[in-house]
1. Kindly indicate whether any position in region 136-152 is polar (S, T, N, Q) and touching a residue at least 12 places away in the same chain (Cβ under 8 Å).
2. Filter region 136-149 for residues that are touching an Asp or Glu at 6+ places or on another chain (Cβ under 7 Å) and assigned to a loop (DSSP other than H, G, I, E, B) and give the result.
3. If you go through region 73-84 one residue at a time, how many are part of a strand (DSSP E or B) and surrounded by fewer than 20 Cβ atoms within 10 Å (Cβ to Cβ)?
4. Name the single residue that is surrounded by the fewest Cβ atoms within 10 Å (Cβ to Cβ) among those in region 215-259 being outside any strand (DSSP E or B) and among the hydroxyl-bearing types (Ser, Thr, Tyr).
5. Can you find a residue that is in a strand (DSSP E or B) and open to solvent by 30 Å² or more (accessible area, probe 1.4 Å) anywhere in region 89-108?
6. Take the residues in region 298-320 that are part of a strand (DSSP E or B) and open to solvent by less than 40 Å² (accessible area, probe 1.4 Å), then tell me which one is farthest from Ile40 (Cα to Cα).
7. Report yes if some residue within region 238-249 is touching a helix residue (DSSP H, G or I) at 6+ places or on another chain (Cβ under 7 Å) and not hydroxyl-bearing (Ser, Thr, Tyr); otherwise report no.
8. Take region 260-297 and flag every residue that is in a loop (DSSP other than H, G, I, E, B) and open to solvent by less than 40 Å² (accessible area, probe 1.4 Å).
Amino acid sequence: ESSVGGPFLQPPGTGRIEPNYPKVCGHQGNVLDIKWNPFIENIIASCSEDTSVRIWEIPEGGLKRNMTEAVLELYGHSRRVGLVEWHPTTNNILFSAGYDYKVLIWNLDIGEPVKMIDCHTDVILCMSFNTDGSLLATSCKDKKLRVVEPRSGRVLQEASCKNHRVNRVVFLGSTKRLLTTGVSRWNTRQIALWDQEDLSMPLIEEEIDGLSGLLFPFYDADTHMLYLAGKGDGNIRYYEIGSEKPYLSYLMEFRSPAPQKGLGVMPKHGLDVSACEVFRFYKLVTLKGLIEPISMIVPRRSETYQEDIYPMTPGTEPALTPDEWLSGVNRDPILMSLKEGYKKTSKIVFKAPVREKKSVVVNGIDLLENVPPRTENELLRMFFRQQDEIRRLKDELSQKDIRIRQLQLELKNLRNSPKNN
């Protein structure tokens, strides 16, 4: 989740890593979000307080030294960038949401933003795609839940959440339902289930507890299971999602005394199918300075492959090119079986585009015009430069005032001289 901060690490395995272990540290401000590319396994997108989105290529075998050079630096937001999200079925399409209240859609084949979603009136808190990436759900600080057609930016559905202040939203696969986590009017943590085609009222609302931390939702479409993890506590609750009422069945709760600040998830093709592992979290425990794996395992005695818990699942091959998706084509993800275990079959490599343009025009607006300073030092330098410029202009103005008064006096003297009479 968006609680990364600073540079980020690529640890080698288990155990304590060296204090000087190499990091990815090219941003000039705190890193606010990172996401692995779903189709090219050594590519990461990150975004930062420095207003940039950057694409990093992790070398085969991991980092040997600090990485400061990104393969691509993307500038288009005028304020810090809080979220990045890869399109689920299209290669090289990346979404970023900034504190300028805009969502930019980047085509990484050309390294430029190609669309801008400009319907939000405050900071965007969360973005989630449906299965084929034809719809984008967003939660926003303006207390609205939106379902947006991403290519046109058209808002298809909108809910004003007065009784349920939405923080996070997740599409529940291809069920045409959304799940949100948030806060009730009594300041208790709450979840709500919505029909994506009618956001006028939630289908159900359920109180969770009286704690104050965010609830991170994770949905596994293969097992129809929803996981709710609380920020600042150590609990992960899990539910089964059904198509009939009551829609939501509580199963169990994983408890731990170590509070989590954020969680990452292992992609399906990285799970241990021989142990019947159906989900794996990577829990960030900042108090201990560690990342702890938490595996969700279905207890089975059989040694054979369990088809019922491992249906065909979205794989590592993209279904669309950026041009196809931008032209209006939607396609379901290309599915893979986990039966043979994961083999690196994707032949896609990331090729950074060569860019010379100095302007970035989207929807007729040049996004790079008057780009603000990206760090505190840059801001201070710009402030002192502007102070010097203001002083210089004031001096110039006072010199001009003196000169004007001199010229006015000379003119008056000329008019009053006896020759003119």
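1. The answer is yes; a qualifying residue exists.
2. Lys141, Asp142
3. So the first thing to find is which residues in region 73-84 are part of a strand (DSSP E or B), and the list is 73-75, 81-84.
The next check asks that each one be surrounded by fewer than 20 Cβ atoms within 10 Å (Cβ to Cβ); those that pass are 73, 75.
Final tally of qualifying residues: 2.
4. Once the filter is applied, the top-ranked residue is Ser243.
5. Keep residues of region 89-108 that are in a strand (DSSP E or B), which gives 90, 93-98, 103-107.
If we keep only those that are open to solvent by 30 Å² or more (accessible area, probe 1.4 Å) as well, we get none.
No, because not a single residue in region 89-108 is in a strand (DSSP E or B) and open to solvent by 30 Å² or more (accessible area, probe 1.4 Å).
6. The selected residue is Thr313.
7. no
8. Result: Gln260, Leu271, Cys276.
The values are calculated or read from the model by the stated rules, or taken from the named source; none is laboratory data. Just so we're clear, the structure is a prediction, and the values are computed from it rather than from any experiment. Cβ: placed from backbone, ideal geometry, glycine included. Neighbour counts: every protein chain shown. Side chains are part of the model used for accessible areas, which takes the heavy atoms of the whole protein and leaves out ligands, DNA and RNA. Shrake-Rupley method; radii C 1.70, N 1.55, O 1.52, S 1.80 Å.
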